[in-house]
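Working notes, beginning with the structure itself.
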Amino acid sequence: RTKRKDQPIDERAKYDEVVIKTVEGLELRLESAPAMIEDLGRLMNGVLSYYRVQSDLSVNIEGFCLVPSNRAKAATTLFLDVKFIMEYFGQDLTELMKAKVNWTEENINKLVLFLIRSLRMMKQRGILHGDIKPANIVTNQNSSGTVNAKDLEFKFIDFDNSGFHRSDSDVTKRLFTESYANEKIKVKTALGQSITAEEWRKNDLHCTAMTILQVLYRLTIDEVKRYCVDIASLKSEVIDQIPKDYPTFGERLKQAVMLLIEGEDIDAIVEVYSVKDPILCKEDFGMIRDKKLEDEVIGMITKLKNMNDELTKIIIYLVKGVGLDLSLIHI
């Protein structure tokens, strides 16, 4: 297709090799200012998380826009859809597992390094993904034959349910894939209890471990569910087999997987798996400036400024949290 980067966001996908992901029916309650601020804050938190994770570990975002939702309107509620315009990368891990491609030790090592680097990047940038699983990891490979280890790349998608958090005191509400979640998250959700950012962070680690094991041993969803409940069986039936099945790096992978399940700090896991590789251990994921996306966010805030000062203030507070330059906007 012809490349037309100068097109408006709603036209750009007609020309570029991109994907349009729509998050549908996000609720914006109009009943009171506090309700609007809470809903818009949650909405922008997810949107800006995509900006904050921009790196070689996540798909590139061309931009986003807010449009009215097709959901039935309510007297005191406005429903919005968020459309993300992002690069097309390739098939996700679920598709590759269904196709039964051949994974070598080198392939697996690349996947594990990608995952622990991603977790470290999210920690340094204050991001919780919230829904780590094979379907949210895309590759540049197709589903036929042997995976090409030399050119193999991975990237994360689906940060729209995530958020950035500056302290462990933050209480978060989010959707998640129950099959991969740890027991604490499932129990507290079922009881309607608050879940802290630290608890969500540990759940991200747990879901990462289950993703690795599902790829390594082609576990079914039912097996993943069972092992999330019965960690003792998971250890004896699966994790303890890793050194035998992957002799090159199996022992440190086994240790790393156990640390992930236990919710240990990602820096400690990096040290265990990378054997204190000086480059990997000191990798610094500084913020990456995206001027085009920044301009679009500023444009949206400028429009909202004319509508409601309180809503504008909460967006600016959130946007400042990801390091955008908002010198052009004055409140």
* Structure fact -> Filtering the stretch 192-229 down to residues that are of a type outside the set (A, V, I, L, M), loosely packed, with under 13 Cβ neighbours inside 10 Å and without any contact (Cβ under 8 Å) to a residue 60 or more places away in the chain yields 192, 193, 194, 220, 222
* To do: May I ask you to say which residue of 211, 220, 177, 172 is at pLDDT 95 or above and either under 18 Å from residue 132 (Cβ atoms) or more than 20 Å from the chain's Cα centre (by Cα) (or both)?
  => 211
* Single residue of the stretch 98-119 satisfying the filter (within 21 Å of the chain's Cα centre (by Cα) and open to solvent by 30 Å² or more (accessible area, probe 1.4 Å)) that is nearest to residue 53 (Cα to Cα) -> 117
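Residue 202 - would you say it is charged (D, E, K, R), modelled with pLDDT under 95 and not in a strand (DSSP E or B)?
Against the criterion (charged (D, E, K, R), modelled with pLDDT under 95 and not in a strand (DSSP E or B)), residue 202 qualifies.
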* Asked: Restricting the stretch 126-158 to residues that are modelled with pLDDT under 80 and in contact with a strand residue (DSSP E or B) (Cβ under 9 Å, 6 or more places away or on another chain), which is nearest to residue 186 (Cα to Cα)?
  -> 126
* So which residues in the stretch 85-102 are among the basic types (Lys, Arg) and assigned to a helix (DSSP H, G or I), if there are any at all? -> 98
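The values are calculated or read from the model by the stated rules, or taken from the named source; none is laboratory data. Small disclaimer: the values here were computed from a predicted structure and weren't measured. Virtual Cβ from ideal backbone geometry, glycine too; neighbours counted across all protein chains shown. Accessible surface areas use protein heavy atoms only, side chains included; no ligands, DNA or RNA. Shrake-Rupley method; radii C 1.70, N 1.55, O 1.52, S 1.80 Å.
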